[in-house]
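**Q** This is the structure, below, for whatever I ask next.
Every number in this text was worked out from the coordinates using simple rules, so none of it is lab data. Please read these numbers as outputs of a predicted model, since none were measured by experiment. Here the Cβ is made from the backbone with ideal geometry for all residues, glycine too, and neighbour counts use every protein chain on show.
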Amino acid sequence: MTVVAAEETGTAGGPDRIRHLEQRLQQLQGEFERTLEEQRRQIEALRSELERLRAGAGSAEPAGQGAGPAAGSGQAPRDSAGTPAVRSAPPAMSSVSPWRLGRAGAYVDVGLVGTFAAGTSTADDIEGGLQPGGHDPNQRGFTVQGVELNLTGSVDPYFSGSANLLYSLDASGESRFELEEAWLQTLQLPAGLQVRAGQFYAPFGRINGRHPHQWGFVDSPLVIARLLGPDGLRNPGAQLSWMMPTTFYSELFLAVQDSQGDGAAPFRAGGHVHGGEEAGALPMGFRPLENDRGVSALNDLMWTLRYALSWDVTDQQTVLVGLSAALGPNASGAGGAPATQIYGLDLYWKWRSPRAHAGFPFVSFQAEALLRRYELGAFDWTEHAEHGEPFLADAASGTPAALPAETVTDYGFYTELLYGFRRGWVAGMRFDYVAGGEGDYEKGPWTFAGEPVGRDLLRRERWRITPNLTWYPSEYSKLRLQYNYDRRADVGEDHSVWLQVELSLGAHAAHQF
Amino acid sequence: MRWRTGFLGGLVAALCLVAGTTEARLRVVATTADLGSLVRSVGGDRVDVLTLARPTEDPHFVDPRPSYLVRLSRADALVHGGAGLEAAWLTPLLQRAGNARILPAARGNVRCCEGVTLLEVPERLDRAQGDVHPQGNPHYLMDPENARVVVHHLADTFAELDPDGAEVYRRNARAFLTELDRRLPGWLERLRPYAGTRLAAYHNSWPYFARRFGLRIDLFLEPKPGIPPSAAHLAQVIAEMKADRVRAILVEPYQDRRVAERVAAETGAKVVLVTQYPGGVKDTGDSYLELMDYLVRSVAEALAAGPEPTPQP
């Protein structure tokens, strides 16, 4: 058996056999082409027949006109002439015959993106402290940042649809599932209008609408994770957008969404936000964020307004600028109707080589600045003290604190520069800064559960410098090495190194700008 | 009161006039420059063409700039290859542009690959084979016979969208085809002496060209479509090129010319700068026929140039 096989492979590799196979291939190809040409000739005959009849029916042209082109070019080898047969009339739009955009074969494009990180840090409070983002690396060792299933396609002639289901593990190994997005969007409203409904990211700034695997860095910018919350702003709701009839790109977005839950941390989310402070620790504002007063009016929902405009500076350079605002109630304190206002400015600039190959080389610059006004409701810790729970107390007298209402301001920005210096390689540099104006509530000498309390660390100044290097072996995989130098006021400095690896299966990921 | 109605009437009339003049021309967006050129040939003065991808850049990866959304939202027709080349960036643009006239299945959405027999349709999809297009190799316009199919298709579509211009579109299409028929024998003649000759290319963009002109372009610097060349693969390519005395390496403007130069230096072959898009390299003008002229000429010159290469040590 082995001998025969060896002999066969021996002959199979011989030059005679190769020549024979090549001849056979050529012969088959020739036959195939002849059949094809025959069919094309038939199609062409039908076409000219049709044209002649059409011309005849039109009566304007004499009968000879139709025969003209076919006969006139007679000396050329009419070896083939094809046409997309006779196209049937455009199908009437029907909601029972679903159709799809782009690729054929299935009604829905299915893709899966898995993002994993490995690394270490000098900090002891990695999850939620050092790394405030909900999908940041969360411990020394390995992190499942997210395994995201994406389904997208056309629902019917009127709507496109998209769903992102995200699985991850927290630092303790607990599985988490998130309905990241699931929405439908109109395809053909007039006057540049578009409506989106379902669960979706609020149109605030630039990074908020992007999934973690689309970011240029391993982790979320500090200002985004702190001011918008670990998971960003996303909730069930509806959005209207209007592309204005200007010569440049100019679009207005208005979204109204629920104001509670993980997807609305600065609003009615309560103190138990994913990746947030540890249980038993002092919440932001030194008061529980549990004053969820429900929804009784339109302004109890989260409203987001965004205006974006973009223009091409040159053939190779594009600029996109956006202004955003998010407004809604918050759940701080126990009295009044405190509200949160967040304002943002975002800027994106990109240059791409006129000879870009697979998108390289390129240089991009992205920056976002945010300002948040947070109304803290009045809160009295007496009740907690009476129930034997940990409470905030005056350091001198030991009596439970009664915090009056006040408004605090947080702000910050990040800038990031990405340089795709050769095909598949990107070097990145990011600078993060976030701070908060000192609130009156931070001034008193307090103790909490017996321990002295300093400034509110969830609003304290910190900054971070992050260089990284990313390698894309192909469009569908990614390896990223990142170093973070953190400096937190009242905490100190920390060093972290993270290695990220990503896989992408299934449908081609949509390119975004 | 009367002056006011008069003023309003005038305004409405002026607006109609403005609308009328802008309506007169068909607004067409073409994804790539080869399609843009065919649209110009068929549409002539009756269409305004805007091309999205630059002729020098990789059409697989085009930034979906917001300005493209604006163009698409106002287009009467979208002319695209339809064979997956532009899918990654065109699909999201179409979904956001919200223009019923150019959505798939609308008359203004022209999938140019319809009626073209696509080569290299994969039997099974496996990304271990690189970035293979599920519908087949999308570089079909490198066979001028396929341009014939596309031109018919464009004329039909434009005639339907703009019935007043139907005769013009048909006449332009016939003029193009007559010119194509005039040049084709010359192209075939020019490359006939090299029938069966083997060429190398950076990327597998040339199966249609090779088939039409009887060449064999089946050695690629990329180990697999979309995968950058590796040293081991290049060594293999160099060995095969030496064994088969391959004399030319086809490289497109956006591909890494240095890799090709390195291989050329080792094998004595010549690097031939080619493009699939009018305007992609100098002397390709902005017309499809000029581009084919250039391609045939530069390949023929490369194959004719000098004696048989002798493999260098």
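**Q** Could you tell me the relative contact order of the stretch A:145-288? Use alpha-carbon pairs under 8 Å, at least six residues apart, and round to a whole percent.
**A** The value is 16 percent.
**Q** What's the FRET efficiency of B:ASP283 with A:LEU417 using the Cβ-Cβ distance as r and R₀ = 45 Å, to the nearest 0.05?
**A** Result of the calculation: an efficiency of 0.75.
**Q** How well do other chains shield peptide A:188-196, expressed as the mean number of their Cβ atoms within 10 Å of each residue Cβ?
**A** Neighbouring Cβ atoms belonging to other protein chains average 3 per residue here.
**Q** Taking neighbour counts of Cβ atoms within 10 Å as a proxy for exposure, in what order, fewest first, do A:MET244, B:MET142 appear?
**A** Least crowded to most crowded, the residues run A:MET244, B:MET142.
**Q** For B:ARG192 and A:ARG41, FRET efficiency with R0 = 35 Å and r from the beta-carbon atoms, rounded to 0.05?
**A** That pair, A:ARG41 with B:ARG192, gives E of 0.95.
**Q** Counting only other residues whose beta carbon sits under 11 Å from that of A:GLU148, what net charge do I get with K and R as +1, D and E as -1?
**A** That sum, taken over residues with Cβ under 11 Å, equals -4.
**Q** Test of the criteria: in the stretch A:123-223, which trypsin sites (Lys or Arg not before Pro) are in a DSSP loop and have at most 15 other Cβ atoms within 10 angstrom of their Cβ?
**A** Sparse-neighbourhood loop trypsin sites (Lys or Arg not before Pro): A:ARG210.
**Q** Further question: In Å and on Cα atoms, what radius of gyration and Dmax does chain B show?
**A** For chain B, the Cα radius of gyration and maximum Cα-Cα distance read 22.6, 95 Å.
**Q** Moving to a separate point now. Exactly which GluC sites (Glu not before Pro) in the stretch A:138-198 are in a DSSP loop and have at most 11 other Cβ atoms within 10 Å?
**A** Here the GluC sites (Glu not before Pro) that fit, given the DSSP loop and packing criteria, are A:GLU174.
**Q** Ignoring everything except DSSP H segments at least 4 long, calculate the 222 nm mean residue ellipticity for the protein assembly as shown; use -39,500 (n - 2.57) per segment, divide by total residues, nearest 500.
**A** -8500 deg cm²/dmol
**Q** Could you work out, residue by residue across B:93-103, how many beta carbons of other chains sit within 10 Å of that residue's beta carbon, and then give the average as an integer?
**A** Average neighbour count from other chains, rounded to a whole number: 6.
**Q** For chain B, list the DSSP H helices whose alpha carbon atoms reach 27 Å or more along the long axis and whose average Kyte-Doolittle value is 0.0 or above?
**A** Qualifying helices: B:2-24.
**Q** What lysines sit close enough to B:LYS270 to cross-link, taking a C-alpha to C-alpha distance under 23 Å and skipping anything fewer than 8 places away on the same chain?
**A** In chain and number order, the partners are B:LYS224, B:LYS242, B:LYS282.
**Q** Arranged by the count of other C-beta atoms within 10 angstrom, fewest first, what order do B:ASP143, A:ASP456, A:ASP315 take?
**A** A:ASP315, A:ASP456, B:ASP143
**Q** In addition: Please report, to two decimal places, log10 I(q)/I(0) for the protein assembly as shown at q = 0.06, 0.07, 0.09 Å⁻¹ as given by the Debye formula with identical point scatterers on the Cα atoms and no solvent.
**A** Normalising to I(0) and taking log10 leaves -0.50, -0.65, -0.96.
**Q** State, in angstrom, two size descriptors of the stretch B:61-197 derived from its alpha carbons: Rg to one decimal place and Dmax to the nearest whole number.
**A** 17.7, 52
**Q** Which order do peptides B:226-234, A:337-345, A:281-289, A:423-431 fall in by mean Cβ count within 10 Å, highest first?
**A** Final packing ranking: A:281-289, A:337-345, A:423-431, B:226-234.
**Q** Further, regarding this structure: Around A:THR115, what is the net charge, scoring Lys/Arg as +1 and Asp/Glu as -1 over all other residues with Cβ under 10 Å from its Cβ?
**A** With Lys, Arg at +1 and Asp, Glu at -1, the net is 0.
**Q** Starting from 0.36 nm per residue, how many nanometres of slack lie between A:ALA297 and A:GLU49 once their C-alpha separation is accounted for?
**A** That pair, A:ALA297 and A:GLU49, stretches by 82.4 nm at full extension.
**Q** Report the label-to-label distance for B:ASP244 and A:VAL321 in nanometres (one decimal), using points 7 Å from each Cα along the Cα→Cβ vector.
**A** Each label point lies 7 Å from its Cα, and together they span 5.5 nm.
**Q** May I pose another question? Taking every residue in B:58-65, how many Cβ atoms of other protein chains lie within 10 Å of its Cβ, on average?
**A** 6
**Q** Sorted by mean Cβ packing within 10 Å, highest first, what order do the peptides B:201-210, B:214-223 take?
**A** B:201-210, B:214-223
**Q** For the residue pair A:TYR485 and A:ASP440, what label-to-label distance in nm results when each label sits 7 Å from Cα along the Cα-to-beta-carbon direction?
**A** 4.0 nm
**Q** What is the packing order of peptides A:470-478, A:115-123, taking the mean over residues of other C-beta atoms within 10 Å and listing the highest first?
**A** Result, highest mean first: A:115-123, A:470-478.
**Q** Given R₀ = 60 Å, what would the calculated FRET efficiency be for B:ARG297 paired with A:ALA281, taking r from the Cβ atoms and rounding to 0.05?
**A** 0.20
**Q** What is the spin-label model distance, in nm, from A:VAL313 to B:HIS233 if the labels are put 7 Å beyond Cα along the C-beta direction?
**A** My value for the distance between the label points is 3.5 nm.
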